[in-house]
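Here the structure is laid out as structure tokens; the discussion comes afterwards.
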Amino acid sequence: MSRVYNFSAGPAMLPEDVLKEAAAEMLDYQGSGQSVMEMSHRSKVYDAIIKEAEKDLRDLMNIPDNYKVLFLQGGASLFFAQVPMNLMKNKKAGYILTGQWAKKAYQEAKIYGEAVELASSADKTFSYIPDCSNLPITDDMDYVYICENNTIYGTKYKILPDTKGKILVSDISSCFLSEPIDVTKYGVVYGGVQKNVGPAGCVIAIIREDLITDECLPGTPTMMKWKTQADNDSLYNTPPCYTIYICGKVFKWLKKMGGLEAMKKHNEEKAKILYDFLDNSKLFKGTVEPASRSLMNVPFVTGNEELDAKFVKEATAAGFVNLKGHRTVGGMRASIYNAMPIEGVKKLVEFMADFEAKNA
Ligand SMILES: *Cc1c(COP(=O)(O)O)cnc(C)c1O
């Protein structure tokens, strides 16, 4: 068996220990005689799995009791619609446009009400996070929406926007559990798990209880009302059982690794190796303004498309896969989520230095 260093933006690398445990339990989960894939979601065994996953997540993120944790389907993209459906009482909200995922959420909100662009970094190809200290937020806005880590462009908010008292809604898909966050600063914080938490198929949403009400926009499907999901502990219908089980294993792994403070240190150390190399390279350069750099997604270019393609091809052959940049941006992107070991980044940088020496 030979595993590659997988720099995919998502679905992405998972901790090897988690995969091994899942493999060992594949045919017989803890004496149940079944795989978790085959189990009823109403069984006692499965109930313990989902409850324990929630408990471990609450411990890791220090989630206060007045926040609900929901395990949902439809990906982050379906959640874009759930935000206005559940929160747009006044049919007006502010959006900060920092890339494609923020833009998609903004466009989705426009189906349901007035979505106002509060700030944008489109003028410089989303290579920075705009100043959010004095946004044109009006009293009639229901919430302010951000995409906290921009997977495609490699930017991350270092300070949350001043929402002038409005509810903050944040998409943390690609920085989920990469560092501690203060949940109390948000009304809703959510993410697709396939970037930094688990396999595809589940969105985890952490929502302040008072925002979960019966007053959704007319026509909101039962499944998309947070109240339905909260009242049924995410078991209104069949949840993505196996995905939640693997997420639970990742939570245990994160606890073993020392929790989110330790992950932050680890992730900072990894990202520094790559950014330091980019800052000193004569061939490669990072595309993001230093103050806005993500710890998770690191886009870079050579400035020459042919050379970019050659690099991606040779890197793939050497076992560094999925380094091609997003189809809308080009160049390269290394996603270095929690599960990427530090050796993976060190070896990538060695490979890049070698490529530079041969192609400069
Ligand atoms: C990948 C991604 C999405 C889209 O996720 P889906 O689950 O595929 O809908 C949304 N937001 C961010 C920040 C992402 O990285």
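Please state which one of 310, 264, 282, 270 is touching a residue at least 24 places away in the same chain (Cβ under 8 Å), part of a loop (DSSP other than H, G, I, E, B) and either within 14 Å of residue 355 (Cβ to Cβ) or of a type outside the set (Asp, Glu) (or both). Step through it out loud before you land on a result.
Numbers: 310 fails: part of a loop (DSSP other than H, G, I, E, B); 264 fails: part of a loop (DSSP other than H, G, I, E, B); 270 fails: part of a loop (DSSP other than H, G, I, E, B).
The unique qualifying residue is 282.
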Revision key, fill the gap. Reported set for region 184-224 where residues are under 22 Å from the mean Cα position of the chain (by Cα), surrounded by 17 or more Cβ atoms within 10 Å (Cβ to Cβ) and in a loop (DSSP other than H, G, I, E, B) is 186, 187, 193, 194, 195, 196, 197, 198, 199, 201, 202
Practice item. Select, from 155, 125, 138, the only residue that is of a type in the set (Val, Ile, Thr), farther than 26 Å from residue 210 by Cα and away from the ligand (no atom under 16 Å from the Cβ). Key: 125
Point to revise | Scan of region 187-200 for residues that are over 13 Å from residue 149 (Cα atoms) and within 15 Å of the ligand (Cβ to nearest atom), ordered by number | key: 188, 193, 194, 197, 198, 199, 200
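Among strands (runs of 3 or more DSSP E) lying entirely in region 72-161, which contain 1 or more residues that are among the hydroxyl-bearing types (Ser, Thr, Tyr), in the same structural domain as residue 173 (by TED's automatic domain parsing) and crowded, with 24+ Cβ neighbours inside 10 Å?
Working: elements: 92-97, 114-120, 143-147.
Counting at least 1 such residues, we get 92-97, 143-147.
Just give me the residues in region 93-112 being free of Cβ contacts under 8 Å to residues at least 40 places away in the same chain and either on the phi > 0 side of the Ramachandran plot or not hydroxyl-bearing (Ser, Thr, Tyr) (or both), in sequence order. Write out each step before concluding.
Keep residues of region 93-112 that are free of Cβ contacts under 8 Å to residues at least 40 places away in the same chain, which gives 97, 103-104, 106-111.
If the condition is that a residue be free of Cβ contacts under 8 Å to residues at least 40 places away in the same chain and either on the phi > 0 side of the Ramachandran plot or not hydroxyl-bearing (Ser, Thr, Tyr) (or both), then 97, 103, 104, 107, 108, 109, 110, 111 are the ones that fit.
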Exercise for review: Please state which one of 267, 232 is within 21 Å of residue 82 (Cα to Cα) and of a type outside the set (Ser, Thr, Tyr).
Suggested key: 232
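Considering only region 98-107, state which residues are under 19 Å from the mean Cα position of the chain (by Cα) and not hydroxyl-bearing (Ser, Thr, Tyr). Give the derivation first.
We begin by selecting, within region 98-107, every residue under 19 Å from the mean Cα position of the chain (by Cα); these are 98-106.
If the condition is that a residue be under 19 Å from the mean Cα position of the chain (by Cα) and not hydroxyl-bearing (Ser, Thr, Tyr), then 99, 100, 101, 102, 103, 104, 105 are the ones that fit.
The values are calculated or read from the model by the stated rules, or taken from the named source; none is laboratory data. Everything quoted here is computed from the prediction, not taken from an experiment. Every residue, glycine as well, gets a Cβ built from its backbone with ideal geometry; the counts of neighbours run over all protein chains shown.
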